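Participant: Just passing along the structure, written as structure tokens.
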Amino acid sequence: MEGFLGLTLPSFIGQLINFLILLGLLTFFGYKPIRRMLDERSNRIRQSMEQAEATKQEYEQARVEVGEQISKARDEGQAIIGQAAQGGERIKEEARKEARKEAQAIVDRARAELERERERLVDELRKEFVDTAILAAEKVISETLDRERHRRIIEKTLEETGAFRRKVS
Amino acid sequence: MTPKWHRGGFLKLVVLLVALFAMIIISFIGSEVGSGILGFEPLSFLKVEAPKYQVVPERPFSNLPMTNTMITSWISILVLFGLFFIGTRNMKLVPTGLQNVLELIVEAAADFIEDPAGEKHGRWFFPVCTTIFLFVVTNAWVSLMPGFETLSINGEPLLRNANTDLNVPAALAVVSFCFIEYWGFKARGASYLKTFFHFGPLGQALKQVLSGKFKDGAGGLLNGVVALFAGLLEILSHLIRMMSFTFRLFGNMTAGMILVMIMLFIIPWVLPTIFYGLEAFFGLVQAMIFGGLTLGFACAAVMEEE
């Protein structure tokens, strides 16, 4: 019944079947699901690492873009400020010119006014002087002359002497 | 931290060692050997029965043909299947508990196998090598459980390390052999046969001789005969491997079992614990050797020869 060192065919075949059953059971209930899980996990980890890498790159790109935009905006702002300063300068210049022109106009007007006033005064003075002169002459020569004639004579004289000329330079 | 504490710890150690030593002495006096030396039996209740060892596994059930090693291998199968079945029932992407342990084992085995064999062949070898390893180590460790050796029915031990039954290592060796040859053919096709029947060089030499080039042909003939002989040696080595696989595991495990039994007989307390630890380690080592050698031979079989 018992073979060499207990080696018997039924026992041997039994143990062979035992092992093959164990192999099958462990393969289908153990190794396959676990290896699938391990593969899935490593896939998942690889994916998330790739994703993280992509996100990092995106972030980096966005950062660069934002930086560019900021610097562009800064340039633009600088340009606008420059333009504004220029515009302000121009406006100031214009205002200054305007003011100067206006001042000039006021001065001119004042001068013309003055001129007119002086002419009026001179006329007045002359009239008065003529009247005074006539009165004096009347008194002096005690002779009543035709007033109009006298005036003309005096006027003529005044013209000739150049005194009280109309235009005073 | 303080010297006082240190002294206290040292004292505890001394007390522990003395107690252990006393237990060894007491159990030795109680054992058959100690009683024999003393000439009387002061502690007869401590006596452990003399070890009975028979190489043929016992049959605890007189009316059933199964041996106690068969029962143990069923227990090992149930333990392994139970662990893997429960551990993979609700697999989660973030592993916890048993799933984690099983994944650790599977991943370590996969790394161990795919390192020399490569990804493709590693996937072929993995189930067989890992199962051999797990089966052998579980057989060894299950039989170190407390009470394992003491259960008996009809005066025969109910359980016995399955690795100490020559049928188990032999079955594993045959499985290993068959899978190795199968992988060899699968990887290399008919050219795998050239490992064993290498007629090429001899045929060439004969052709040369027949075409009149005796000088070249003579050397070639010798080479051809050597190649043929090497092939025969290869066949022999593949067959002898099975034997060495079988008797390595059987011998180591049987020796371990006998050693523990004898230690229990001579000094029942304390000292056998050390041998239990050693047996646990040897069981692991033998399992790794069986699985690892299968892997190594499989790698050699699938490798293309020039």
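Participant: I need the trypsin sites (Lys or Arg not before Pro) found in the range B:174-217, filtered to DSSP loop residues with at most 16 other beta carbons within 10 Å of theirs.
Facilitator: B:Lys213
Participant: Given the pairs B:Lys92/B:Lys120; A:Lys101/A:Lys127; B:Lys120/B:Lys194, which span a C-alpha to C-alpha distance of over 30 angstrom in this model?
Facilitator: A:Lys101/A:Lys127
Participant: For chain A, which span is the longest to avoid every loop-located (per DSSP) member of trypsin sites (Lys or Arg not before Pro) having at most 11 other Cβ atoms inside 10 Å?
Facilitator: A:1-165
Participant: Would you tell me the mean number of C-beta atoms belonging to other protein chains that fall within 10 Å of each C-beta in B:94-105, as a whole number?
Facilitator: That works out to 2 on average.
Participant: Excluding residues on the same chain fewer than 8 positions from A:Lys56, give the aspartates and glutamates whose Cα lies under 20 Å from its Cα.
Facilitator: Partners found: A:Glu65, A:Glu68.
Participant: GNM on chain B, C-alpha springs below 10 Å: top fluctuator among B:Leu46, B:Leu222, B:Leu158?
Facilitator: In the Gaussian network model the winner is B:Leu222.
Participant: Let me ask another. Of all the Cα-Cα pairs you can form in the protein assembly as shown, what percent are over 38 Å apart?
Facilitator: 62
Participant: On each of the three principal axes of the Cα atoms of the range B:16-123, give max minus min coordinate, whole Å, ordered largest first.
Facilitator: Principal extents (largest minus smallest coordinate, Cα): 67, 48, 32 Å.
Participant: So how many Å³ per residue does the convex hull of the Cα atoms of the range A:1-140 work out to?
Facilitator: 117
Participant: What per residue convex hull volume, in Å³, comes out for the range B:223-306 when only alpha-carbon positions are used?
Facilitator: For the range B:223-306, the hull spanned by Cα atoms encloses 95 Å³ per residue.
Participant: To the nearest 20 debye, what is the magnitude of the charge dipole of the range A:110-152 about its Cα centre, counting +1 on the Cβ of each Lys and Arg and -1 on the Cβ of each Asp and Glu?
Facilitator: My answer is approximately 100 debye.
Participant: Over the Cα atoms of the range B:48-302, how large are the radius of gyration and the largest Cα-Cα distance (Dmax), in Å?
Facilitator: In Å, with Rg to one decimal and Dmax whole: 23.9, 82.
Participant: Which FRET efficiency value, to the nearest 0.05, do you get for B:Leu11 and B:Arg248 by plugging their Cβ-Cβ distance into 1/(1 + (r/R0)^6) with R0 = 45 Å?
Facilitator: My answer for the efficiency is 0.45.
Participant: Could you work out the helix-only [θ] at 222 nm for chain B, with each DSSP H run of four or more residues adding -39,500 (n - 2.57) and the total divided by the number of residues, to the nearest 500 deg cm²/dmol?
Facilitator: Result for chain B, helices only: -25500 deg cm²/dmol.
Participant: Here is a follow-up. How far, in degrees from 0 to 90, does helix A:9-25 lean away from the longest principal axis of the Cα atoms of chain A, to the nearest 10?
Facilitator: 10
Participant: Which residues make up the longest stretch of chain A that has no GluC sites (Glu not before Pro) in a DSSP loop with at most 15 other Cβ atoms within 10 Å?
Facilitator: That gives A:3-142 as the longest site-free run.
Participant: Loop-only GluC sites (Glu not before Pro) in the range B:8-64, please: DSSP not H, G, I, E or B, and at most 13 other Cβ atoms within 10 Å.
Facilitator: Counting only loop positions with at most 13 other Cβ atoms within 10 Å, the GluC sites (Glu not before Pro) in the range B:8-64 are B:Glu49.
Participant: If the cut-off is 18 Å between C-alpha atoms, which lysines fall inside it for B:Lys215, apart from same-chain ones fewer than 8 positions away?
Facilitator: The qualifying lysines are B:Lys207.
Participant: Considering only the other residues whose Cβ falls under 10 Å of the Cβ of B:Leu158, what net charge follows from Lys and Arg at +1 and Asp and Glu at -1?
Facilitator: Net charge in that neighbourhood comes out at -2.
Participant: Now a separate question. Share of Cα-Cα pairs in the range B:91-218 beyond 24 Å, in percent?
Facilitator: Percent of Cα pairs beyond 24 Å in the range B:91-218: 59.
Participant: Which listed residue (B:Phe197, B:Ser237, B:Ile274) has the Cα farthest towards the positive end of the charge dipole for the range B:176-283, taking +1 on Lys and Arg C-beta and -1 on Asp and Glu C-beta about the Cα centre?
Facilitator: After comparing all options, I get B:Phe197.
Participant: Let me ask another. Using θ = phi - 60° and the Karplus curve 6.51 cos²θ - 1.76 cosθ + 1.60, what whole-Hz ³J(HN,Hα) does each residue of the range B:10-24 get, with Gly and Pro shown as x?
Facilitator: Karplus-based 3J(HN,Hα) across the range B:10-24 equals 5, 4, 4, 4, 4, 4, 4, 5, 4, 4, 4, 5, 4, 4, 4 Hz.
A short reminder: the numbers here are calculations on the coordinates, not readings from a lab. What you see is a predicted model; the values in this text were computed from it and never measured. Counting neighbours? That spans all protein chains shown, and the Cβs are built from the backbone with ideal geometry, glycine included.
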